[in-house]
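Asks: One structure is given below, represented as structure tokens, and several questions about it will come after.
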Amino acid sequence: LPQLSRAYAAKLIETKRVSVNGESQVKAGYKMRAGDEVTVDYDEAQEALIPDIELEVLYEDDDCVVIYKPLGLLTHSKGAFNPEATVATWLRQRCERIILSHESADESDVKGLSSHTSRAGIVHRLDRATSGVMICAKTPEALSWLQKQFAQRRTKKTYLAVVNGSMNPEAAIIDMPIERNPKAPATFRVGAQGKSARTTYRTLRTNGTYSLLELKPETGRTHQLRVHLAQQGHPIVGDTLYGGEQAERMCLHAAELELTIPAGHERKVFRTDMPAAFEEKLQA
């Protein structure tokens, strides 16, 4: 059931809505045996509740698609079923349309396409409040290829952010480990027991009140840029979770992504323009 997230599938098992051979006490780690019959208590009609959306495509081939993720869009849903469009639902719907468009394909071709596109996946994620470049995989092989590059830090990511005040020094490397905040589990903090995290920053412009920064994370910790800048006393504008001032949006944007795509093992750079809201802050 590729339309279900792993988290939602785990929730179904936890709430005894998945049974094996009529037994609902089965655990998620149960190893399947030949002849086992699995029953899932899930209403596929719920899937129809998820609306179709259109996203700007920056690049696409048979292996991957690079998009501009707009502000406010989730990368993927977590936990319980959520009838909200996400990058993940858009990707699945797009891949399903590819299958339908192969009207001249014979049945075996369509089955082959279906087995691949149903396992298309999210390679990396951007927070709901972050806009910018994202790459998605259209086949399991491409997903593995691309995720390995992120894991081995062979990708180069560049972000733009507007922060309060002026950085001192204007350019530096922030090397501070990040851990989950036990007092607020949905957030993270700098802590000695955390995982290593490095961010290179450079001030591009400042008007004294606000500064535009170029950020290059060397690691990919959750909320890394937000935590590092807040720790420096210069939180991202609009990032109220980490002490930033109220704004129409969080001023963090994934401006550039450099990596090697599966097709021809070609190194490519994908870019997007800075959001107008950033310029408005700098002109204030």
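The values are calculated or read from the model by the stated rules, or taken from the named source; none is laboratory data. Just so we're clear, the structure is a prediction, and the values are computed from it rather than from any experiment. Reconstructed Cβ throughout: ideal geometry from the backbone, glycine too, with neighbour counts over all protein chains shown. Just the protein is used for accessible areas: all its heavy atoms, side chains included, with ligands, DNA and RNA removed. Shrake-Rupley method; radii C 1.70, N 1.55, O 1.52, S 1.80 Å.
Asks: Going through LYS268, LYS281 one at a time, which residue ends up being under 30 Å from ASP62 (Cβ atoms), touching a residue at least 24 places away in the same chain (Cβ under 8 Å), open to solvent by 30 Å² or more (accessible area, probe 1.4 Å) and touching a strand residue (DSSP E or B) at 6+ places or on another chain (Cβ under 8 Å)?
Replies: Only one candidate qualifies: LYS268.
Residue by residue, here is whether (1) touching a Cys at 6+ places or on another chain (Cβ under 6 Å); (2) outside any loop (DSSP other than H, G, I, E, B); (3) at pLDDT below 80; (4) open to solvent by 70 Å² or more (accessible area, probe 1.4 Å) holds:
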| residue | (1), (2), (3), (4) |
| --- | --- |
| LYS16 | no, no, no, yes |
| GLY35 | no, no, no, yes |
| GLN46 | no, yes, yes, no |
| ASP62 | no, no, no, yes |
| LEU100 | no, yes, yes, yes |
| SER108 | no, yes, yes, yes |
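Asks: Kindly establish whether ILE135 is within 24 Å of THR272 (Cα to Cα) and assigned to a strand (DSSP E or B).
Replies: So ILE135 fits the description; yes.
Asks: With respect to the numbered conditions (1) at positive phi; (2) touching a Leu at 6+ places or on another chain (Cβ under 9 Å), which one is the sole condition not fulfilled by THR200?
Replies: Against the list (1) at positive phi; (2) touching a Leu at 6+ places or on another chain (Cβ under 9 Å), THR200 comes up short only on (1).
Asks: Still on this structure, I have one more. Assuming ALA172 fulfils every condition listed in (1) at pLDDT below 95; (2) within 27 Å of ALA277 (Cβ to Cβ) apart from one, which condition is it?
Replies: The one condition ALA172 does not meet is (1).
Asks: Could you tell me whether ARG125 is part of a loop (DSSP other than H, G, I, E, B) and at negative phi?
Replies: When the stated conditions are applied, ARG125 passes them.
Asks: Continuing with this model, one more query. Looking only at segment 143-184, which residues are in a helix (DSSP H, G or I) and within 16 Å of the chain's Cα centre (by Cα)?
Replies: Listed by number, the residues that qualify are LEU143, SER144, LEU146, GLN147, LYS148, GLN149, PHE150, ALA151.
Asks: Considering every residue within segment 74-83, establish whether at least one is at pLDDT 85 or above, under 17 Å from the mean Cα position of the chain (by Cα) and open to solvent by less than 90 Å² (accessible area, probe 1.4 Å).
Replies: Within segment 74-83, one or more residues are at pLDDT 85 or above, under 17 Å from the mean Cα position of the chain (by Cα) and open to solvent by less than 90 Å² (accessible area, probe 1.4 Å).
Asks: If a residue has to be surrounded by 20 or more Cβ atoms within 10 Å (Cβ to Cβ) and among the basic types (Lys, Arg) to count, how many in segment 124-162 make the cut?
Replies: Residues flagged as surrounded by 20 or more Cβ atoms within 10 Å (Cβ to Cβ) and among the basic types (Lys, Arg) within segment 124-162 amount to 2.
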